[in-house]
1. How long is the chain along each principal axis, judged by its Cα atoms, biggest number first, in Å?
2. Express in Å², to the nearest 10, the accessible area of HIS302 obtained by rolling a 1.4 Å probe over the protein heavy atoms while all chains stay in place.
3. Are there any trypsin sites (Lys or Arg not before Pro) in the stretch 110-175 that are in a DSSP loop and have at most 13 other Cβ atoms within 10 Å? List them by number.
4. Please compute the length gained on full extension between LYS23 and LYS94, using 0.36 nm multiplied by the number of residues separating them and subtracting their Cα-Cα distance.
5. Hey, any idea what % of the stretch 77-187's accessible area is carbon plus sulfur with a 1.4 Å probe?
6. When 1/r is averaged over all different Cα pairs and the result inverted, which Kirkwood radius in Å belongs to the stretch 1-116?
7. Determine the per residue accessible area of the stretch 225-281 with all protein chains present and a 1.4 angstrom probe, expressed in square angstrom.
8. Dipole of the stretch 251-325, Cα-centred, from +1 at each Lys and Arg C-beta and -1 at each Asp and Glu C-beta, to the nearest 20 debye?
Amino acid sequence: MSNTKEKLFTEFTAPTTQEWLDKIQVDLKGADFQKRLVWRTNEGFNVQPFYRREDLKDLKAVDSLPGEFPYVRGNKKDNNLWFVRQDIVVDDAKAANEKALDILNKGVDSLGFRIKGKELSAELIATLLDGILPQYVELNFQTCQCHCVELANILVAYFKEKNYPLAELKGSINFDPISKILTKGKDTQAVLAEAKPLIEALKELPGYRCICVNSVAVNNAGAYIYQELGYALAWGAEYLSVLTEAGVDACEAAKRIKFNMGVSENYFMEIAKFRAARMLWAQIAREFVGDAALNCTCSQMHVCAVTSEYNQTLFDSYVNLLRSQTETMSAALANVDSIVVTPFDKPYEQPTEFAERIARNQQLLLKEEAHFDKLVDVAGGSYTIEHLTDALAREGWKLFLAVEEAGGFLCEALKGNITNAVNASNDKRHAAAATRREFILGTNQFPNFTEKSEGKAPVECCCSCGHEGGELPRLNKERLASEFETLRLSTEKAPKQPVAFMLTIGNLAMRQARAQFSCNFLAAAGYKVVDNLGFKTVEEGVDAALEAKADIVVICSSDDEYAEYAIPAFQYLAGRAMYVVAGAPACMEDLKAAGIENFIHVKSNQLETLRAYNAKLGL
């Protein structure tokens, strides 16, 4: 056996990086390596098509171990257990308690309760937690920021009355006034004075974190990954500063901070984000605590990952399951502490029992069938992910330093700079979706041609505390697909569904490719698309289109053949339907001179084009 192994390792000469690059250049046949194979990320760095061990030689974090500072490889040494969390809105305490007990029996081991501040009372908490054993379940609470200290006192009194082991209890209270500055545009810095009393109220519950960084808000507002990373770090550092300046011990302050972070569909990049976040947060905590942080859990970042709402869609909504599943996998492989899977139907309704069950099972499948909870830092040692971790850490750190140099996160939030930067990213992503540079499966790419909304409409975001917005700019939480959905819903309201007819003629390969492209392009607006095998003459095609009662006729052929077919077809149609040429042929100017106005191709702004077509059709 040993001889065989030795032969396997010595029989072949390992190629060098340059030899790989030389081979790639041959296979590219003259194409530009940088343009074809190098991924230019939105995060400010490039990703190569392959990495080798030599690319990691200068990365110090690669040599660290799981459960050891700086925790890039996770907080745990011997497993990857995480809490399966589901949140409950408490409109009725008894009903919420019944639901909590039910889902605890279905695999959940972490509960999140959203309680209206004006309804908070000891009686409500007693009813809500009746039959729930907090030493076995992570309990998380969210209420109006000005009621958090009251909530803490009620919880401590309740747990003591029940003789629960206070030192063993795990959970959190979501105190985060800064998030209201971003999401509601309100200056809530005065509420920060409640931070120290809140920590003091929870002194008998060492396992409860109460100062939260809700960077999931910027994730759901379309922030790029490096932005969420950098802002989350600056956000957490701001709270450390506030607490230590108020006289709270730095180590105690760090132990009370919890990060609720979003996770988007960029699979490998999200794994790297959480690894980089732990590494950088450990360094920040060390600056406040000192070298004692090297051997203290105070430098560990505790993260609850929440799958994104930003990329969810109303149409073809079951695709949301695919999105949230890969997001959940990213979070689990990145060793987070708990995960909330957003139900697939949240964009258009209060999540149903079925949707919530599927969301729970998405995590349980990863645990019970894929055994993601058994292995520590599966991603460790992957050349690509280690590189992404380092590259993201660098970009996130740059942003963190920029915020610190500008006066800190609170200062920048009050100036509106954080909100404006995230909203600018949201605008860029919407523009990219409009031109299909960012694909939304089932919406601007490969839409379901026959799907109807069936009464579904986007759910408007509301604040459970009833506060009105303030004077500061607010995060724009408009989902990436929202504009396409508005367009498609307006089409559905029309008395007649527009029909787009593919007049396919000429070169077989080109007409089929362009017909497929055009069908996907136009179906995104909710048009009925009619594809065809091909016509011998343009007259035959136009006649067939009119017989099908087409509102739009799209001629699909090759660039060379448009010079022959496009103008005769346009003239024969004679304005009896909108006429569109699929492609951007060299003869485009000649076609425009003949009166042809409409062209669709890969460089078209799909959203604006479809809006213009709806206007021409009187929709």
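The values are calculated or read from the model by the stated rules, or taken from the named source; none is laboratory data. Please read all numbers here as calculations on a predicted model, not as lab measurements. With ideal geometry, Cβ positions are generated from the backbone for all residues, glycine too; neighbour counts draw on all protein chains shown. Surface areas here come from the heavy atoms of the whole protein model, side chains and all, with no ligands, DNA or RNA. Shrake-Rupley method; radii C 1.70, N 1.55, O 1.52, S 1.80 Å.
1. 86, 70, 50
2. Roughly 50 Å² of HIS302 is accessible to a 1.4 Å probe.
3. Details: sites: ARG114, LYS116, LYS118, LYS160, LYS162, LYS170; in loops: LYS116, LYS162, LYS170.
Filter output for the stretch 110-175: LYS162.
4. Details: separation 71, 0.36 × 71 = 25.56 nm, distance 6.74 nm.
Stretched fully, the LYS23-LYS94 segment lengthens by 18.8 nm.
5. Details: 2240 of 4760 Å².
Of the solvent-accessible surface of the stretch 77-187, carbon and sulfur hold 47 percent.
6. Working: mean 1/r = 0.0481 Å⁻¹.
It is 20.8 Å.
7. 21
8. Details: 8 positive and 7 negative charges, 45 e Å.
Magnitude of the dipole: close to 220 debye.
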